[in-house]
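First comes the structure, then the notes that go with it.
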Amino acid sequence: MSSLNSAVGKTICDVSLECLLQSRSLDISKCGTPGRYRLVSCADFIDSKKLTIHGYTEFPEDPFAAVSYVWRGNTPEKDFDGRVFDVPIQQVEGAEPGDHIGVEVLHEACVASIACGGTHLWLDRLCIIQMGEDDKKWQISGMYKIYQRSHACIVTPGGIRCLVPLDKETQ
């Protein structure tokens, strides 16, 4: 793996799904450097059952899909498996926290990214340091570039907590 002096990613987070689901929380503020691009490895998530996030000083050369979703999605159905984890965010007066991230949604987004020729995934809740205002400002100012240079944009109209059937009304 190369250093962060190029558009080749360096692993900043590598956690098994088992550990992630036991802790039910992920905070990259201690391992991520503000002002860096970050992507999730789809192969690691699907094949190795782990969440691996790579950091880059320059815009990533790795092909990726960006995920777009509603902040507060649908309430899960009764048969929902509950495999979710939270990404803590800085509390802003009057703002509601976002939904937990569903493992099934993340898995299907990775499958879709690979189907579209991608190897990675960009999801703001995972790729932006949510507990750091500097990184948030930097990332938000460059979001246009993220979506513009993605290989595909995956839309999850029911949110990121759970998948919804095609006939289900969304928020």
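Points to keep in mind about this one:
- Residue in the stretch 151-161 that is modelled with the highest pLDDT, counting only those that are under 14 Å from the mean Cα position of the chain (by Cα) and surrounded by 21 or more Cβ atoms within 10 Å (Cβ to Cβ): Ile154
- The residues of the stretch 120-145 that are under 12 Å from Val67 (Cα atoms) and under 13 Å from the mean Cα position of the chain (by Cα), listed by number, are His120, Leu121, Trp122, Leu123, Asp124, Arg125, Leu126, Cys127.
- Single unsatisfied condition, Cys127 versus (1) surrounded by fewer than 22 Cβ atoms within 10 Å (Cβ to Cβ); (2) within 15 Å of Gly35 (Cα to Cα); (3) out of contact with any Ser or Thr (no Cβ under 8 Å at 6 or more places or on another chain): (1)
- Listed by first and then second residue, the pairs linking a residue in the stretch 23-48 that is of a type in the set (Asp, Glu) to a residue that is surrounded by 13 or more Cβ atoms within 10 Å (Cβ to Cβ) and in a loop (DSSP other than H, G, I, E, B), with Cβ atoms under 9 Å apart and 6 or more places separating them unless they lie on different chains, are Asp27/Val87; Asp27/Ile129; Asp27/Gln130; Asp27/Met131.
- Members of the stretch 142-171 found to be more than 20 Å from Val87 (Cα to Cα) and of a type in the set (D, E, K, R), listed by number: Lys145, Arg149, Asp167, Lys168, Glu169
The values are calculated or read from the model by the stated rules, or taken from the named source; none is laboratory data. All values reported here derive from a predicted model rather than from experimental measurement. All Cβ positions, even for glycine, are placed from backbone atoms using ideal geometry, and neighbour counts span all protein chains on display.
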